[in-house]
1. Helix-derived [θ] at 222 nm for chain A: sum -39500 (n - 2.57) over DSSP H runs of at least 4, divide by residue count, nearest 500?
2. For n ≥ 4 DSSP H runs only, could you compute -39500 (n - 2.57) per run for chain B, divide by its residues and tell me the 222 nm figure to the nearest 500?
3. With only alpha-carbon atoms in the gyration tensor, what are the semi-axes of the equivalent ellipsoid for the protein assembly as shown, in Å, largest first?
4. Give me the Debye-computed log₁₀ of I(q)/I(0) at q = 0.11, 0.12, 0.13 Å⁻¹ for segment B:81-291, equal point scatterers on Cα only, no solvent, two decimals.
5. Using only Cα atoms, locate the centre of segment B:205-270 and the centre of segment B:159-175, then give the distance between them in Å, rounded to an integer.
6. Just add up the charged neighbours of B:I282: K/R +1, D/E -1, any other residue whose Cβ is under 13 Å from the Cβ of B:I282.
7. Consider just the alpha-carbon atoms of segment B:83-133 and return their Rg together with their Dmax, both in angstrom.
8. Below 15 Å, Cα to Cα, which aspartates and glutamates can B:K55 reach? Residues fewer than 8 away in the same chain don't count.
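No value in this document is a laboratory result; all are computed from the given coordinates. Note that the structure is predicted; figures quoted are calculated from it, not measured. We place every Cβ from the backbone using ideal geometry, glycine too, and count neighbours over all the protein chains shown.
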Amino acid sequence: MYNNLSIRQKQIVWAWAFLAIPVLFYVVIRFYPTANAILISFQNWNLLGSRTWAGAENYIKLFNDPVFWQVFRNTFVYLLLGTPISLVISFIIAYHLDQLRFMHGFLRMLYFLPFMTSAVAMAWVWRWFYQPVPIGLFNNFLASVGIPQVEFLRSTTNALPSVLAPAVWAGLGFQIIIFMAGLRAIPRSYYEAARIDGVSTWTVLWEITLPLLKPTIVFIVVFSSIGFLRIFDHVFNMTTNDPGGPLNSTEPLVLMIYDTAFNGFDMGYAAAQTVVLFVVLLLVSLLQLRILRDR
Amino acid sequence: MAAVDTIRPTANAVLTTQAPKKPANMGQIIRWLLLFAGGILMVMPIAYMLSTSLKWPHEVYNVNLIPVEPTIENYTYVLEDGRFFGWFINSLIIAIATTISNILFDSLVGYTLCKFRFPGRYIVFIAILSTLMIPTEMLVIPWYLMSQQFGWLDSYWGIMFPGMMTAFGTFLMKQFFETVPDDFIEAARIDGLNELQIWWTVAMPLVKPALAALAIFVFLGNWTAFIWPLIVTNSVEMYTLPVGLSSFGDEADVAWELIMTGAAISTLPTLVVFLIFQRFIIRGVVMAGLKG
């Protein structure tokens, strides 16, 4: 029967034979759970009893929950600190590294190495750094030069930046590599023309390099923003004795979701939080694409 | 600004130094020294992790980087305990299995979407692409229910199933199959190969660099994955390295040098692989970053 088919029909048969398992996978493991998450967000359910309809109750509860607003604020602080800081640092390093030849590969390796580490492992390493005297490395250094101690993870104001630091550190290598690829793509002739015209280095940077790097910048901004909005591993591991603490000052949305679902077993409420996360990610990405593309 | 959009970075370019050879002047020397200092600073956390894992307890809180009397005592202790060894094996099995699955399925789907013309092609493509926008965290609750219903909790399959295929990998492979000329495929058809053979013996060898890039990303992603393994595992024996390390560090009275040893055990494999295949991995990361 197969042999009677035309070449085009054979192609259709093969294509769907190849796609059968993957399509099943995407339907069962991606689309159905997405729909289910949205459905659960409108229900009350503690994992043991039955699922009962709750209407918009979970969402109303969420928007009236002061902890949620604290968490929402924290999540955006991670984004608003993390994205610009890592963008600027990685650009400066990539820009200068691009102009060096001596041991170029070695320097690049040093900067890239943290990207290959595990977030959980490094969260514990940094957590040790932040401990008070006589344990933590940073405070021991400060003590040895006579500077007063800094409360890194125990202060409500310092804890969030302290947790953010290893996340920025681990992501820099990737961004530097992407920036360098972007810089290499700019034709040398642009720079030569500018040099012949006697344009200053600074003007070249602002008028040629940065505008031509726009696609790279858009990619890095969107990519790293999504990462910071979904921060979890670092926060969870650096504050295991009081997840998200002290006083919820480091708690991001994903940690609240985890806590509500798997410690509080309030599945409906947690699902509503995941829907909010989804909407936030979508809006932030679209907004960034819009602003950055149009300019 | 049309010219701007046509400028596309390429993965190989990052490996070649394009900077013209300038005579070493003062500015270049200062630039090099600053970048070198920054690079050393970048690897300091890793260096301190390794150094502390080689220190005796009484030396741990000294700030010296080089241990006075290096010891592998911490490693012997942690490995004799047995749990870390088990977690290491679990992580290895899971990372390898998901990598193989992604290599096969992502490329098969990418290839089909790229080289076949059939009704539904566009819809399948858009549907798969749209899953990129759905964050994992939104799916963990339904996945947990599913695992509970089907008895997948606390098993390898339970840890692995969400990552067996990725839209990112599919899209990456589709992009790379565009570079495989249709003539090659036609020629193979005339030679009497069936479509499965053409994919495996003709197309796949031509996209090896992309497959390697995909493998690196999937392996690293699953080796370091935390939130889902944390949710789906209950028993200590089923933990992966990150989940195990997290629970180990959280135990009362665990000494910092032992935590650093555990951290080193979970980080060293990927670091060593990176140091061996450095050029290759950087090219792969750029490739995946730019095309994916």
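1. Numbers: 14 runs with 194 residues, N = 295.
Calculated at 222 nm, the ellipticity per residue is -21000 deg cm²/dmol.
2. Values: 14 runs with 192 residues, N = 292.
Result for chain B: -21000 deg cm²/dmol, rounded to the nearest 500.
3. On the way: eigenvalues 281, 237, 123 Å².
Over the Cα atoms of the protein assembly as shown, the ellipsoid semi-axes are 38, 34, 25 Å.
4. -0.63, -0.73, -0.83
5. Using only Cα atoms to place each centre, the spacing works out to 19 Å.
6. Details: positive: A:R108, A:R184, B:R279, B:R283; negative: none.
Result for the neighbourhood of B:I282: +4.
7. Here Rg and the maximum Cα pair distance are 16.3, 52 Å.
8. Result set, ordered by chain and number: B:E69, B:E73, B:E257.
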